[in-house]
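First up is the structure itself, then whatever we jot down about it.
The values are calculated or read from the model by the stated rules, or taken from the named source; none is laboratory data. Only a predicted model underlies this, so the values are computations on that prediction, with no experimental measurement involved. Ideal geometry is used to build each Cβ from the backbone, glycine not excepted, and the neighbour counts take in all protein chains shown. In case anyone asks, the SASA skips ligands and DNA or RNA and just uses the protein heavy atoms, side chains included. Shrake-Rupley method; radii C 1.70, N 1.55, O 1.52, S 1.80 Å.
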Amino acid sequence: MAVAANSHAQTVEKKSLNLDGAKKAIAAAVDYAKTNNAPGGVIAVVDEGGNLMALERLDGTFAMGATISIGKARTAVLFKKPTRFFEELINKGRTAMTAVDGFTPLIGGIPIIIDGQVVGGVGVSGAASANQDEELAFAGANALMGGAAKTENPTSSSAKDSSMQTAQAATFLDAKKVAAAFAKGMPLLETAGYKVHASRRVEPGQAEIHTLDTDVIYVVDGSAALVAGGKAIDSKTIAPNGGEEHHITKGDAIIIPNGVPHQFTSVTGELHYFVCKPTAVAATGQLSQR
């Protein structure tokens, strides 16, 4: 009896994901994609060991999406974290992590956790944006977790707690959260259809061209020179013979349509500005291999 008791104490009951569960997760993600007009997407579901259980590729999705979605799902499972955590960590300078074999640090991978145990993961690639990839993955995971998965960055401060969510209700952010966001320059809210950023800048930046997002900029404090239009050269500068320079200061607003190059060429003091980004829906295919 003593031997039997000791043997039992050394074993653990494990939850596991079966094929029906994997199919349920994919069905929920596909339904979310259709409801929210995703232009495509590949949904992959893996078990607790990172092994592929089920995969569905929506019409029009680029071929590499299958490989990327599986990699996202495996990364979320094997590291027991949403893949957003790793993409943002690498963007902050932790580039050594990219040397890990079989590692896909791209937004869109979510672990499936049941009773505190990671039983599998959902990975999505090829939707309208990285954020929508993540939304589809959350929809799939939540089909098995009863809505327990939250669309928020686990490494964020309180100012960013509401930054990644599907906007189904009004979002209120008090003055303290907004001030904290401006102090670091952080998103306040990001959805598949639009984004709102509390941006902070203390120096010039490189040229940017947004394929889908239109920038609606409102200056809260400070001043800067902003060149809009022209031609981007090596993604670093804007040709002086094409762009128009605007000196923007507190209270000014400027709207930069998607596809128009723009660059902050000088900043006086510390510039704080709201950026609202309505996102156009891609007409055909995907613009990048997310």
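Worth a mention:
- Sorted peptide list for 51-57, 175-181, criterion being average Cβ within 10 angstrom, highest first: 51-57, 175-181
- Ranked packing of 110-120, 65-75, most packed first, by mean Cβ within 10 Å: 65-75, 110-120
- At a probe radius of 1.4 angstrom, the accessible area of the range 12-157 per residue rounds to 44 square angstrom.
- Global form of the range 53-104, assessed from the alpha-carbon gyration tensor, a/c cut-off 1.5: prolate
- Separation of the E203 and V100 label points, Cα + 7 Å toward Cβ, nm: 3.0 nm
- As a fraction of the 1.4 Å probe accessible area of the range 1-151, surface on carbon and sulfur atoms comes out at 53 percent.
- Listed residue pairs exceeding 26 Å between alpha carbons, taken from K34/K184; K80/K176; K24/K277; K34/K277: K34/K184; K80/K176; K24/K277
- Ranked by the mean number of other Cβ atoms within 10 Å of their residues, highest first, the peptides 197-210, 128-141, 91-104, 35-48 come out as 128-141, 35-48, 197-210, 91-104.
- Ordered from longest to shortest, the equivalent ellipsoid semi-axes for the range 77-142 are 20, 16, 9 Å, each the square root of 5 times a Cα gyration tensor eigenvalue.
- Pair K15, V178: separation of 7 Å Cα→Cβ label points (nm): 4.0 nm
- Volume per residue of the C-alpha convex hull in the range 33-72, rounded to whole Å³: 71 Å³
- Interchain or long-range residues, amide H under 5 Å from A54's placed H: V45
- Radius ratio Rg over Rh of the range 241-280, counting only Cα atoms, Kirkwood formula for Rh: 0.95
- Net charge contributed by nearby residues that have their C-beta within less than 14 Å of V219 (K/R +1, D/E -1): -1
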